[in-house]
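Notes to accompany the following structure.
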Amino acid sequence: LGTLYVVATPIGNLEDLSPRAARVLGSVDLVAAEDTRHTSRLLRHLGLSPAMLSLHEHNEAARVEQLDERLRRGESIALVSDAGTPLISDPGFVLVRELRMRGRRIVPVPGPCALVAALSAAGLPTDRFLFLGFLPAKGGGRRQRLEALGQHTETLVFYESPHRIRDTLADIATVFGERRLVLARELTKSFETFLDGSASALLAWMEADPDQSRGEFVIMVAGAEARESTDIASLEADAIVKALLAEGVGV
Ligand code: SAM
């Protein structure tokens, strides 16, 4: 029986492709890719030209039999998405679920993932977090989803596109008020930026510099329990107390 390798690819910086990922992509019989044209650019960069097949949300279920048949013939297959780790807000779940139910060998080849990269450098609690993928595209549904998350104590992590980043920040400001937020933009790319502040402050900043709303975003919001120590207002209060103490003022 063959193996399905679930291979993570770069989220911007090609140097993030692991040597193991490159070796696997160069040795499999077939690469199943979300967008074959997109992935062939990466493969060309590696000097590879393997057989390819598209696997995206609209044909994933229909591909299961075909790919399982190839595994049963002893072929090996690499599953990749356009960027980062397959199945993480990307296609692959249906295929992996079905193949695992059939007892096939499925091997992860770990690597880049925007949510992990963002959390690793944000400075928000990472011991417990809730990854929520993309919020609903429409304002009403989005605010409802955010309201339902209000009491969660875990750090909340969302993916967002440049088209909706401002609307989403406006809704977060409405629902979460001054709660601390860290925005990771264009991770691993030339214009990588981390912004830290309340949603309304970040929105005002983006409106002042429209370039800041371009690119790809991970939004991280402090959990409810952490509010006391991570509210912008209380951070400022802490800074004032420290300044007064430094000046020797009794407080
Ligand atoms: N599978 C990918 C992963 O492992 O992160 C995520 C794919 S999802 C369709 C695309 C979203 O991931 C983007 O809209 C953005 O929210 C986030 N993302 C991907 N690359 C990013 C980057 N370089 N910087 C910031 N966010 C990124």
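The values are calculated or read from the model by the stated rules, or taken from the named source; none is laboratory data. Keep in mind it's a predicted model, so treat the numbers as computed, not measured. When we count neighbours, we look across all protein chains shown, and the Cβ atoms used for this are built from the backbone with ideal geometry, even at glycine.
Can you name the residue in the stretch 150-163 that is hydroxyl-bearing (S, T, Y), surrounded by fewer than 20 Cβ atoms within 10 Å (Cβ to Cβ) and in contact (Cβ under 8 Å) with a residue 60 or more places away in the chain and is also farthest from the ligand (Cβ to nearest atom) among such residues? Among those residues, the one meeting the criterion is T153. One residue stands out among those in the stretch 84-108 that are buried (at least 21 other Cβ atoms within 10 Å of the Cβ) and touching a residue at least 60 places away in the same chain (Cβ under 8 Å): the one that is farthest from the ligand (Cβ to nearest atom), which is L95. Within the bounds of the stretch 142-149, is there any residue that is modelled with pLDDT of 90 or more and within 12 Å of the ligand (Cβ to nearest atom)? No; the residues of the stretch 142-149 include none that is modelled with pLDDT of 90 or more and within 12 Å of the ligand (Cβ to nearest atom). Every residue in the stretch 132-149 that is closer than 14 Å to F217 by Cα and crowded, with 18+ Cβ neighbours inside 10 Å, please. Matches in the stretch 132-149: L132, L135. Selection within the stretch 56-83: residues that are over 14 Å from T9 (Cβ atoms) and within 16 Å of the ligand (Cβ to nearest atom). The member of this set that is surrounded by the most Cβ atoms within 10 Å (Cβ to Cβ) is E60. Just to be sure before I move on: is L17 crowded, with 16+ Cβ neighbours inside 10 Å, modelled with pLDDT of 95 or more and more than 22 Å from the chain's Cα centre (by Cα) in the structure I sent? Here the answer is no, as L17 does not meet what is asked. In this structure, L1 does not qualify as in a loop (DSSP other than H, G, I, E, B) and without any contact (Cβ under 8 Å) to a residue 60 or more places away in the chain. Within the stretch 116-135, one or more residues are farther than 17 Å from I11 by Cβ, within 13 Å of the ligand (Cβ to nearest atom) and out of contact with any Pro (no Cβ under 8 Å at 6 or more places or on another chain). Filtering L71, L48, L53 for residues that are part of a strand (DSSP E or B) and either of a type outside the set (S, T, Y) or within 18 Å of the chain's Cα centre (by Cα) (or both) leaves a single hit, L53.
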